[in-house]
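Taken together, the values in this text are just the output of simple stated rules run on the coordinates, not laboratory data. As the structure is a prediction and not an experimental result, all values here were calculated from the model. Cβ atoms come from the backbone with ideal geometry, glycine included; neighbour counts cover every protein chain shown.
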Amino acid sequence: MQEKKLFNIEGDDSLKNRQVIGGNVTNLFNLNNAKYKWANNLYRLMMGNFWIPEKIALGDDKRHYEELTTEEQKAYDGILSFLVFLDSIQTNNIPNINDYITAPEINLVLAIQTYQEAIHSQSYAYIIESVIPAHKRNDIYDKWREDEVLLERNKYIAQIYQDFIDDRNDKNFAKVLIANFLLEGIYFYNGFNFFYNLSARSTMMGTADEIKYINRDELSHCVLFANMIKEIKKDNPNFFNEKEVEQMFRTAVTQEIEWTNHIIGDGVLGINRKSTEAYTKYIANRRLQEIGMESIYEGFDENPYKHLEKIADTNGDGDTKSNFFEVNVSSYNQSSSIDGWEDF
């Protein structure tokens, strides 16, 4: 892998020669001249979803938190701890990926993702400081220090990222892209469903509203990396080792099921070990299909939490056709999308 130059005088910005990686561009943004039109569309949608965490009131959630069962509080705290890790590591690592992307229109979307990951970290801090009793807050941030299951989860994804930082070769970069897709596409969603499950019972509804905004952003990140992976495969058919990709998916699914059973298990109404397995393997199959691979978990084609899709609706208009399982986003923005570029 060759890190792109900040300004490449010898660069060629023609669309014919543009590639996601390994290209030779000047690294200047002429965003009206884009090869990857999906990136321009995604940028507009992501920019149109600007939101501020503190606009959501969490006063009722603080009172409702005290009414949760011991098992529900454990799950609430533990899931927040894991989510804090996920978005912290993404905020720090996305720029490492962006340094090697040689399509300016994709560079811009990755920059917006970095910003959104920072907003997510702010959101979790806002939830923790607003809802969790003061004496428990530090325990959430430091839970990985004493919870071996959480530590192993954190170490797995962090090590893949670190391996590329230490040795920036093609193989490690391919693994980073797949790991990023796994993080964005699988790791968040059992946790998200826990909050939607509470909201369906008319409790912790402010937290669920906060998660909906985060969920919408994470969907766009799944779309981004699925498209990047597919575009790279077009130009470099052997760049990804599909056996290795499959193994990474299996490891991610195993860890996700183990973690969810560890932190939720059968102790929360509406969630159990059977539904956790079914849901995790279902969404893994969907993600594999999104990057042009075959499903690996036979018989896991139905979403056991379909009843939560109305709550989790990422369109904000009651239309779940473009919910967070779908790659193609048709309705995304909270505010009006920005004007400026022609529709493609």
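For this structure, a couple of remarks:
- Computed over neighbours whose Cβ is under 12 Å from that of Asn172, the net charge equals -2, Lys and Arg +1, Asp and Glu -1.
- For the chain, adding -39500 (n - 2.57) for each run of n ≥ 4 DSSP H residues and dividing by the number of residues yields -19500 deg cm²/dmol at 222 nm.
- Bridging of Lys16 to aspartates and glutamates at a Cα separation below 18 Å is possible for Glu105, Glu231, Asp235, once same-chain residues fewer than 8 apart are set aside.
- Label-to-label distance, Gln247 versus Asn8, with points set 7 angstrom from Cα along the beta-carbon direction: 3.2 nm.
- Spin-label model distance (nm) - Gln289 vs Glu309, 7 Å beyond Cα toward Cβ: 1.1
- Residues listed by number, the range 86-121, amide nitrogen under 16 Å from Ile165 label point at 7 Å toward C-beta: 86-100
- Modelled spin-label separation between Asp60 and Lys234, with each label point placed 7 Å from Cα along the Cα-to-Cβ direction: 4.7 nm.
- Beyond 31 Å in Cα-Cα separation lie the following of the pairs Lys55/Lys155; Lys136/Lys175; Lys171/Lys274; Lys155/Lys212; Lys55/Lys306: Lys55/Lys155; Lys136/Lys175; Lys171/Lys274.
- The range 13-29-the range 196-260 distance, computed between alpha-carbon centres (Å): 28
- Local electrostatic count, Ser130, Cβ distance below 15 Å [Lys/Arg +1, Asp/Glu -1]: -3
- Here Thr254 and Tyr115 are evaluated by their C-beta separation; at R0 = 30 Å the FRET efficiency comes out at 0.40.
- Coordinate range along principal axes, alpha carbons of the range 15-322, Å, largest first: 60, 40, 39
- Taking 0.36 nm per residue of separation and subtracting the current Cα-Cα distance, fully stretching the chain between Asn27 and Glu148 would add 39.2 nm.
- Calculated FRET efficiency, His135 to Glu67, Cβ-Cβ distance, R0 = 22 Å: about 0.75 to the nearest 0.05.
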